[in-house]
Amino acid sequence: MSSSDRHLSLLVVRATCRPSWVWKRFWPQGLAGFSARCKAPSWGNVQKIDGPALPRAALHRRDLRSEWGPPLEMRTAARGPATLSMLSAVLKLLTRERSPGQLYNAWLAHHYTSAEIVRHQPVRLGICTSFECNLACNMCPTHSRLVPDNPYKYKGAQTMSFELFRDIVDRFANAMIASFIGNGEPLLCPDLFEMIEYARYKRRMSSSLCTNGVLLRKHLDRAVTAPLDIINISMNGHTPEHYEYITGQSPDLWRRIRDNVKALLDACRGRRRTPKIAISVIIDRHTFRTIPDIIEFAENLCVDSVSICQVMPTAAKGRSAKERCVFASDQEARQLLETLHRRPTRVSVTLPALLDASANTRVCRDAFYSMSVDGDGNVGGCERQLLNVEGNGAYRDPDVFNNTHFRKLRRALMGLDAELPQPCRTCYNNTTYPMRPLNCPK
C-alpha cells in the first residue's frame, strides 16, 4: 500500500466513527487543505539502482496494488495529487460502499508490509474459478503443451461452486478486492456472474475479471451489467502475427477476440454504469520495439487502458528468461521506455517491467496482502509463477494467512532466508524496474 493509501486508510477509519471530524479537519482550509495533506509521495527520496531512480516506497512497499494497475506511488507520482480519488474513497465509506472492517483491515496491512506473521486478513482475494481453458497458449505456464511437468506447475482443481465461493468471501469478509483470475478461463464457470454480484452487493468488494476474450460475445449482456470495476482481456498481441508468435494460436482467433472487444465496447456505450475495459499485450526481447504500435492499437480500439507485460519465462525449451525476457541492462529498451514515459496518450498505458540482472531481488509483496483460492479450496501466495498449491493449506484452516506456506514465502522475500524460489528470480513482479504508467491521457 502506498503512503497515500495509508494516509487515506487512517482518514477513513476515523471518519467512520466520527463523520464530523472530517469537516472539522478540512473545512477551514477547504479542498486546498485537503489537497495539501493528500499529495503524492515525493520523488526526492530515492534509492540508486541499475536503471531510473524509484522511490523507496516503490521498492519496499509495493503492496496493495490493484489487479489491473501499478502501485499508487507510481500512478500519483506520474499524475499529480490524488485528492479527488482520496475524497471519493472517503465518500464511499460514508455512503457505506465500504465497511469499517475492510478499511481497518487495510490499515493493519499498512503496518505489516514486511512481517513474517501478519494481523490482517488478505486485502485481495484471487479467485481461481476454473481450471479448464478453451485455449492452450504457448506462453501459459499451466496449459501450454510445451511446458514440461515441474514442481511449480499448477496441478488443477474442480470448477468452483457458488457455495464454495460464498463461504470463502464470508470467511474473509474484510478483503476489499475479489479478482476473478484463471489458471483457466473464468467465463467457463457457470456461477461466475452470481459470484461477482455476491462479492459486490453482499460483501462490498471491488471486482475484476481477466479473460482471454474468446467467449465474451456469448456473455456480453451479463458482462456489461455485472457490478465489475474492470474487465481485462488478454489479447496478448496487437496484430494477428504478434498474437500467433506469442501464443501459437491461429491469427483468425485474434480477429475474433478483437471483434468481441469491439462488441463489448459498443454494448457499454450509452449505459450509465459499465466496467472499465482494459486489454493486456505481451512482449519479449524480440518484440519490445513494437510498444509504440501497441499503444496506437489500444488508442484506435478505444479501450480505457492497456497493460504491456513481459512474457513469463517457463521451463519450455527456448523460453527461459535469458532467451525471451528484456532486462534492465538493455540500454535500447530502457531508452525506449524513458522516451515513451514522457509521451501523452489517449488511453491509460502501463509500460512493462524490466528484469534485474541480479537474481537476489526481493521486492515482491504479494504474499503480504493477497491470497489465491482455487476450486478445491487450496490457497497460494503467488498467482504468477508459484502455481502449484498442493500442500499450501486450505482456506478453512485456522489462521491460514499465517500458515507455513505464507510465512516461508514472506521470509524469502524479506531476505531472512538465503534462497529465493527459482521462479521468483526471473519474475517481472520482483524487480526494481517495475511496471510504470505513462503520463495522464491527453
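Data table
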read-out: Inverse of mean 1/r across different Cα pairs in the range 358-442, Kirkwood, Å; value: 14.0
read-out: The range 396-415-the range 211-237 distance, computed between alpha-carbon centres (Å); value: 33
read-out: Estimated inter-spin distance, residue 272 and residue 104, nm [label 7 Å along Cα→Cβ]; value: 3.4
read-out: Nearest-0.05 FRET efficiency for residue 217 and residue 399, computed from C-beta distance (R0 41 Å); value: 0.40
read-out: Stretchable slack from residue 116 to residue 332, in nm (0.36 nm times residue separation minus alpha-carbon distance); value: 73.9 nm
read-out: Summed side-chain charge close to residue 262 - residues other than residue 262 whose Cβ falls under 12 Å, Lys, Arg +1, Asp, Glu -1; value: +3
read-out: Sum of side-chain charges, residue 387 neighbourhood, beta-carbon under 11 Å (Lys, Arg +1; Asp, Glu -1); value: 0
read-out: Backbone N under 19 Å from the residue 265 label point (7 Å along Cα→Cβ), restricted to the range 196-214; value: 209-214
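Each value in this text was obtained by applying a stated rule to the coordinates, not by laboratory testing. All values derive from a computational prediction rather than experimental measurement. Cβ coordinates were reconstructed from backbone atoms using ideal geometry, including for glycine residues, and neighbour counts include every protein chain displayed.
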